[in-house]
Amino acid sequence: MDLNLNRADYLQVGVTAQKTMKLLPASRPRATQKVVIGDQDGVVMCFGVKKGEAVTVFKTLPGQKIARLELGGVLNTPQEKIFIAAGSEIRGFTKRGKQFLSFETNLTESIKAMHISGSDLFLSASYIYNHYCDCKDQHYYLSGDKINDIICLPVERVSRITPVLACQDRVLRVLQGSDLMYEVEVPGPPTVLALHNGNGGDSGEDLLFGTSDGKLGLIQITTSSPIQKWEIRNEKKRGGILCVDSFDIVSDGVKDLLVGRDDGMVEVYSFDNTNEPVLRFDQALSESVTSIQGGCIGTDGYDEIVVSTYSGWVTGLTTEPVHKESGPGEELKINQEMQNKISSLRSELEHLQYKVLQEREKYQQSSQSSKAKSAVPSFSVNDKFILNKDDASYSLILEVQTAIDNVLIQSDVPIDLLDVDKNSAVVSFSSCDSESNDNFLLATYRCQANTTRLELKIRSIEGQYGTLQAYVTPRIQPKTCQVCQYQIKPLSLHQRTHFIDHGRPMNTLTLTGQFSFAEVHSWVVFCLPEVPEKPPAEECVTFYFQNTFLDTQLESTYRKGEGVFKSDNISTISILKDVLSKEATKRKINLNIAYEINEVSVKHTLKLIHPKLEYQLLLAKKVQLIDALKELQVHEGNTNFLIPEYRCILEEADHLQEEYKKQPAHLERLYGMITDLFIDKFKFKGTNVKTKVPLLLEILDSYDQNALIAFFDAA
Amino acid sequence: MLLPVFTLKLRHKIIPRMVAIGRYDGTHPCLAAATQADKVFIHNPHTRSQHFSASRVIQSPLESDVSLLNINQAVSCLTAGVLNPQLGYDALLVGTQTNLLAYDVYNNSDLFYREVADGANAVVLGTLGDISSPLAIIGGNCALQGFDHEGNDLFWTVTGDNVHSLALCDFDGDGKKELLVGSEDFDIRVFKEDEIVAEMTETEIITSLCPMYGNRFGYALSNGTVGVYDKMARYWRIKSKNHAMSIHAFDLNSDGVPELITGWSNGKVDARSDRTGEVIFKDNFSSAIAGVVEGDYRMDGHIQLICCSVDGEIRGYLPGTAEMRGNLMDTSVEQDLIRELSQKKQNLLLELRNYEENTKAESSSPLSEADGHRGIIPANTKLHTALSVNLGSETQAAHAELCISTSNDTIIRAVLIFAEGIFIGESHVVHPSIHNVSNSICIPITPPKDVPVDLHLKTFVGYRSSTQFHVFELTRQLPRFSMYALTSPDSASEPLSYVNFVIAERAQRVVIWLNQNFLLPEDTNIQNAPFQVCFTSLRNGGQLYIKIKPSGEITVNTDDIDLAGDIIQSMASFFAIEDLQVEADFPAYFEELRKVLIKVDEYHSVHQKLSADMADNSNLIRSLLVRAEDARLMRDMKTMKNRYMELYDLNKDLLNGYKIRCNNHTELLGNLKAVNQAIQRAGRLRVGKPKNQVISACRDAIRSNNINTLFRIMRVGTASS
């Protein structure tokens, strides 16, 4: 059965954060429900929909940014009390809009995530988790990395309190009281948690998670250990997951999984007989989907998916057909409603326009006076700068609540900007005089009308570090632009991991000297991505990293006065050595750097590169042949005379070309890394081999693994 | 929602832009397109049983209803249509870099096969002006040629640069077609037969042109721009990061007015309203679009829009029916309207909030450092801009300079200049490092061509520590001759070349023209006629003298013939001169041209000699092959081996000969281009009728190979003394 959903926009509020919209429970099955939504102006709004028009039930006054909105109530009764988290305060409203609770938590940071279960309140700020019962402090935990979301397994079903934290360092931390029970590693930084089927599945322990790199998974959190159920990889390279919900939109008796992503994708997954999820429906909206829930709000009896987007749109994807087949009169009525809506909007606009004109004039006049100031409030930019594991490149995503006019990208390190299909903006590269002005990249993106979201792809080179700046100018008067800065770290292609292979031959770099724990931590933060800015509470910490491009690894262990870095890739050690000594000199800290080079590691790294290189070379060769072979095919009419290898290329032509297009300059990058490896190997020996690089490139051109290893040994 | 009425997947690639539909047998429309391996395929789904059974056309081994036509040379343009009205069916025209083939598919015979020295980059078929018979007009290297069905050369003229696109359109509404020519020098020229009636300068190479209706036409540029012109005025245009592969006019929503259909390099097809450029329909292919054509491909009396992708996918669309009310897309118009209005409302509310916050901030404390961080600046901050000429230094070449400064202690963080045609991309960014930011910035600008350009500036103003900046937007015009600096006259260096003409204008008006078109220092004071001004080019240091006598006689001395042409054209448009006869002399340039003409002759004779050699060699090959095979039959292996060795050597010689021929040909093309350009330049020195006279007279002189007459025409403007 095909799922056919029609889009209906209900209304727009201010900019919304993740998980800030909920549907109040219906009074009877399949009756229309009310929507509550909280925005970043601090307004909580509750509305119902009558004849396609939004009718406000209540609306609060503006206040602090609302970070979360949840529903609660006495267990086993309809959950219809509204709780919001704004700043460090929790407020509660009844469904009529009467405030019954205002609880100042005294947290030093503002609340990022919230979960409510009966009289239990679970909160988290950036690193701190707190559990309150009846507004009394119960438990406390300090996480090693940022907490993105929090949930508690259903108390009424598992009869114990098991809070789970989704942490930026790719783990789910399962707690018991104030203590960590165990950690579960997930394939990406988790951004959202939800109970499977809304109640934790059959066991009550089934937990859904979504990651910022677009993966979804189901894990059973038992008392002793986690059980992985399934995982959906992000094959289509869609955006990160911001919200999930379970609702039977297909109406087959099994709850479906509704997913909202930060690239505006709304997806519906159904479950097959083996309880594996299958994609049933997807639709692209133009901006981040911040909340999603299934329910019925437009018309009695028609289920729909209600989503809220970053700029505050509440939109329904309804099963109600657009054109009812009940006769011509009905359609006319619908049109009439539409016309009314349009004309009321029009008159409202006219009024506003007049007001804006007046204000504009006033603003112009103020520019005559010498004392007046021109202050334009900042607009919020929703940005994300993440490393993609698949092609070892960074994605920069910028989203603004109004249309973007242009974006200027400036970088003081050499980076490549790659083309993204989704991005329709016209890019123009400007020449830059790098020496005097520290510019290695200057590019403007002129956006098409109504673009609120811009996605860029950036390829960095390890060892070259600096800052990338984006100047975002939206299409709004008075014109202003905002600067967003992103660090390109020296080991930019590394990613945090939790397990490494200890059997590999390792090179070691040891730092000793008069430095504090905070100092050495700040160096690690400076060099490597995905390390929490806050120094961990322990005295000695160990972080593991993996190079996303070469799969080499790095282990860093440090404490006050000592830091040990181990990697099987000599180039990684070399970069660390250069950066650390530079940083230490800058701060005038006396640093002893000792290193221990393992000759075998070079061979090992080359062997690690070998299959990748061979694959790329073969791919390039095959792709080169495709056109010629196709010509032969046209000429001769059949391919029977070709050797099987060539016939195989012809058959796979489309796939090969796609693969080739996906990884532009992959071969060049590999060559670059082998060259670095070569130079670094001898740098540690104190010899400069730059003159031999052309010879190395020659060998690479006619690649053979043994010849390459021999060259490395001989030189 | 408009869905394709048919979809075909052919297993042949299609080369972009080389697609045409014709009724080659008079009834059945067939699709012809250039494909790989220098072939043209003809897809004929209507008559499955009968095939073209002839030597030139072969049956495609991949597909039953596709026939292949061997061209043996890279196809550079292709079209189909009625060339001979008596024949009653369409001819297929295939152009390559050296030849034009008019082919009768039905009878499998050549209508004509003509060698075209200037190549055929584009072809269009139809009637032009008063010429009665349909012409196949090809555009090559700076030249345009039109052939009738017998291959007679009925039309020949030159244009400014290599032709990339052609279209026939009733530009001036007189009921007769004019020829639109888009060329490599970014110009769209309109030819009323061989007279240029209009010239529009675009910002990139014009890759496609198509007539819309009336005097409107669509165009596409190589930088991803498509748009519509109404006569000489640009109606609308849009720019995309993708490239427009093919454009076509088709009435898809049945409103009686054709829309501009564009096929893009990313596989998108969109239909845009000819009035607003608004998208009324779009569809996606999996690979780049190769061509957009129309025809009654299902033979049911309805014309379909047919889009082809480079991978051979073909989709046909019927125009929307009346019930759809022009609503071809998935979404409902009302929903979109509501969304748009709400968005507008939200924007206005935001703006209002901006002003509110602003007044709040104003009433608070005076300006402090923290305010600077939040992007608060004094309200009376103003931006000054000044354009001047910088003569350069040892490290930097001379350039025109744009200086921007603020009126107080606020700094300029970055400047974005959006301008067309003078930068590599569409924009230029100046972003000083944080140590070098100040309240003024000087930006060197070196426009590569002498064209007036609008500079759209976006200046980010704030304080050193700001994370939010105010954007000042303003537009300045860069004058046409900004790359020429006023210098003091020095008679010794006065260029020998000159143009001389008389205009009926007061000297003051000429001064105004100078002020508008050159960057003169502010204190320049030009006295009354007679006077002279002297400029130095910042590009090559060449001198330019402009002298005006009280009688209105103007002499321009410069060695650069293009510059002289630009000055005359600029003056003509400023003073609204319709016809202007000019006396000109460019001894150095003419000498060069003379050499080129001699070279052209040489290359022609070498070409003939090489062709003769090749013919000799092919005879030799034949005899050697026969003798070698004879030897084999006689089992005289030694002789056979020798013969094959000779054959091998001969083959090598042939290959070498081919290389020489290729080089010779490219040289020849280059020189022919220079000759064509010379004629064009000589034309540009005149305005109106004299201009056309010069071009046609020069052409005749070249035809009759009379070099001295050619130079006289270039000098005085007419052939008769």
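So which residues in region B:691-716 are in contact with an Asp or Glu (Cβ under 6 Å, 6 or more places away or on another chain) and open to solvent by less than 40 Å² (accessible area, probe 1.4 Å)?
B:Asn692
Pick out, from region B:208-292, the strands (runs of 3 or more DSSP E) lying fully within it that include 1 or more residues that are in contact (Cβ under 8 Å) with a residue 24 or more places away in the chain, open to solvent by less than 30 Å² (accessible area, probe 1.4 Å) and under 21 Å from B:Gly182 (Cβ atoms).
Output list reads B:216-221, B:225-230, B:233-239, B:244-250, B:259-264, B:268-272.
Given the conditions (1) closer than 28 Å to B:Leu685 by Cβ; (2) touching an Asp or Glu at 6+ places or on another chain (Cβ under 7 Å), report the number of the one that B:Lys599 does not fulfil.
If we test B:Lys599 against (1) closer than 28 Å to B:Leu685 by Cβ; (2) touching an Asp or Glu at 6+ places or on another chain (Cβ under 7 Å), just (2) comes out false.
Within region A:39-59, count every residue that is more than 31 Å from the chain's Cα centre (by Cα) and surrounded by fewer than 21 Cβ atoms within 10 Å (Cβ to Cβ).
The qualifying residues number 11.
When you scan region A:613-645, how many residues do you find that are without any contact (Cβ under 8 Å) to a residue 12 or more places away in the chain, among the hydrophobic types (A, V, I, L, M, F, W, C) and within 14 Å of another protein chain (Cβ to nearest Cβ)?
So the count comes out to 4.
Go through region B:7-39 and count every residue that is open to solvent by 30 Å² or more (accessible area, probe 1.4 Å), farther than 20 Å from B:Tyr317 by Cβ and among the hydroxyl-bearing types (Ser, Thr, Tyr).
The total comes to 1.
Identify, from the list B:Arg627, B:Arg635, the residue that is charged (D, E, K, R) and assigned to a helix (DSSP H, G or I).
It is B:Arg627.
Between a first residue in region B:127-146 that is under 15 Å from B:Asp194 (Cβ atoms) and open to solvent by 10 Å² or more (accessible area, probe 1.4 Å) and a second residue that is among the basic types (Lys, Arg) and at pLDDT below 80, which pairs have beta carbons less than 9 Å apart while being 6 or more apart in sequence or on different chains?
none
May I ask you to list the residues in region A:184-203 that are modelled with pLDDT of 90 or more and in contact with a His (Cβ under 9 Å, 6 or more places away or on another chain)?
Scanning region A:184-203 gives a single hit, A:Leu193.
Name, by its number, the condition in (1) open to solvent by 50 Å² or more (accessible area, probe 1.4 Å); (2) touching a residue at least 40 places away in the same chain (Cβ under 8 Å); (3) closer than 30 Å to A:Ser460 by Cα; (4) over 31 Å from the mean Cα position of the chain (by Cα) that does not hold for A:Pro664.
Just one mismatch for A:Pro664, condition (4).
Taking only region A:351-387 into account, find how many residues are within 7 Å of chain B (Cβ to nearest Cβ), surrounded by fewer than 16 Cβ atoms within 10 Å (Cβ to Cβ), over 22 Å from A:Glu399 (Cα atoms) and among the polar types (S, T, N, Q).
5
Failed condition for A:Ala584, given (1) outside the structural domain of A:Asp568 (by the TED database); (2) in contact (Cβ under 8 Å) with a residue 12 or more places away in the chain, with all others met?
That leaves (1) as the condition not met.
How many of the residues making up region A:454-486 are within 14 Å of another protein chain (Cβ to nearest Cβ) and either buried (at least 23 other Cβ atoms within 10 Å of the Cβ) or part of a strand (DSSP E or B) (or both)?
Count: 20.
State which residue is farthest from A:Ile66 (Cα to Cα) when the search covers only region A:6-38 and only residues that are within 12 Å of chain B (Cβ to nearest Cβ) and in a loop (DSSP other than H, G, I, E, B).
Per the stated criteria, the residue is A:Val13.
Quick one: would you say A:Ser117 is touching a helix residue (DSSP H, G or I) at 6+ places or on another chain (Cβ under 9 Å), at pLDDT below 90 and open to solvent by less than 60 Å² (accessible area, probe 1.4 Å)?
So A:Ser117 passes the test.
Got a number for residues in region A:487-502 being in a loop (DSSP other than H, G, I, E, B) and closer than 16 Å to A:Phe526 by Cβ?
5
Just checking, does region A:529-551 include any residue being within 30 Å of A:Asn406 (Cα to Cα) and either more than 24 Å from the chain's Cα centre (by Cα) or not assigned by the TED database to the domain that holds A:Ser126 (or both)?
Yes - at least one qualifying residue is present in region A:529-551.
Quick grid of which residues meet (1) aliphatic (A, V, I, L, M); (2) surrounded by fewer than 14 Cβ atoms within 10 Å (Cβ to Cβ); (3) at pLDDT 85 or above; (4) out of contact with any Lys or Arg (no Cβ under 6 Å at 6 or more places or on another chain):
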{"site": "A:Thr557", "(1), (2), (3), (4)": "no, no, yes, yes"}
{"site": "A:Lys566", "(1), (2), (3), (4)": "no, no, yes, yes"}
{"site": "A:Ile570", "(1), (2), (3), (4)": "yes, no, yes, no"}
{"site": "A:Lys588", "(1), (2), (3), (4)": "no, yes, no, yes"}
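Name every residue in region B:582-593 that is under 29 Å from the mean Cα position of the chain (by Cα) and either hydroxyl-bearing (Ser, Thr, Tyr) or open to solvent by 40 Å² or more (accessible area, probe 1.4 Å) (or both), in order of residue number.
B:Tyr589, B:Glu592, listed by residue number.
Given (1) within 14 Å of another protein chain (Cβ to nearest Cβ); (2) not in a strand (DSSP E or B), where does A:Asp300 come up short, assuming only one miss?
Tallying (1) within 14 Å of another protein chain (Cβ to nearest Cβ); (2) not in a strand (DSSP E or B), A:Asp300 fails exactly one: (1).
If you scan region B:189-202, which residues turn out to be farther than 17 Å from B:Asp174 by Cβ and surrounded by fewer than 19 Cβ atoms within 10 Å (Cβ to Cβ)?
Matches in region B:189-202: B:Glu199, B:Met200, B:Thr201.
Checking the structure you have, find out if any residue of region B:157-171 is open to solvent by 20 Å² or more (accessible area, probe 1.4 Å), in the same structural domain as B:Ala233 (by the TED database), part of a strand (DSSP E or B) and touching a residue at least 40 places away in the same chain (Cβ under 8 Å).
Checking region B:157-171: at least one residue is open to solvent by 20 Å² or more (accessible area, probe 1.4 Å), in the same structural domain as B:Ala233 (by the TED database), part of a strand (DSSP E or B) and touching a residue at least 40 places away in the same chain (Cβ under 8 Å).
Condition first: within 14 Å of chain B (Cβ to nearest Cβ) and among the acidic types (Asp, Glu). Can you find one or more residues in region A:590-612 that meet it?
No, region A:590-612 contains no residue that is within 14 Å of chain B (Cβ to nearest Cβ) and among the acidic types (Asp, Glu).
With (1) more than 10 Å from every other protein chain (Cβ to nearest Cβ); (2) open to solvent by 30 Å² or more (accessible area, probe 1.4 Å); (3) in a loop (DSSP other than H, G, I, E, B); (4) not aromatic (Phe, Trp, Tyr) as the list, and A:Asp421 as the residue in question, which single condition is left unmet?
(1)
Collect the residues in region A:18-41 that are modelled with pLDDT under 90 and among the small types (Gly, Ala, Ser), keeping them in residue-number order.
Listed by number, the residues that qualify are A:Ala26, A:Ser27, A:Ala31.
Can you list the strands (runs of 3 or more DSSP E) found entirely within region B:478-574 that contain at least 1 residues being under 23 Å from B:Glu592 (Cα atoms)?
B:498-502, B:531-537, B:543-548, B:553-557
Can you list the strands (runs of 3 or more DSSP E) found entirely within region B:406-476 that contain at least 2 residues being in contact with a strand residue (DSSP E or B) (Cβ under 8 Å, 6 or more places away or on another chain), within 18 Å of A:Pro478 (Cα to Cα) and facing another protein chain (nearest Cβ under 10 Å)?
B:411-418, B:453-462
The values are calculated or read from the model by the stated rules, or taken from the named source; none is laboratory data. Keep in mind the model is a prediction, meaning the values are calculated, not measured. Here the Cβ is made from the backbone with ideal geometry for all residues, glycine too, and neighbour counts use every protein chain on show. What goes into the accessible areas is simple: the full protein's heavy atoms, side chains included, and nothing from ligands, DNA or RNA. Shrake-Rupley method; radii C 1.70, N 1.55, O 1.52, S 1.80 Å.
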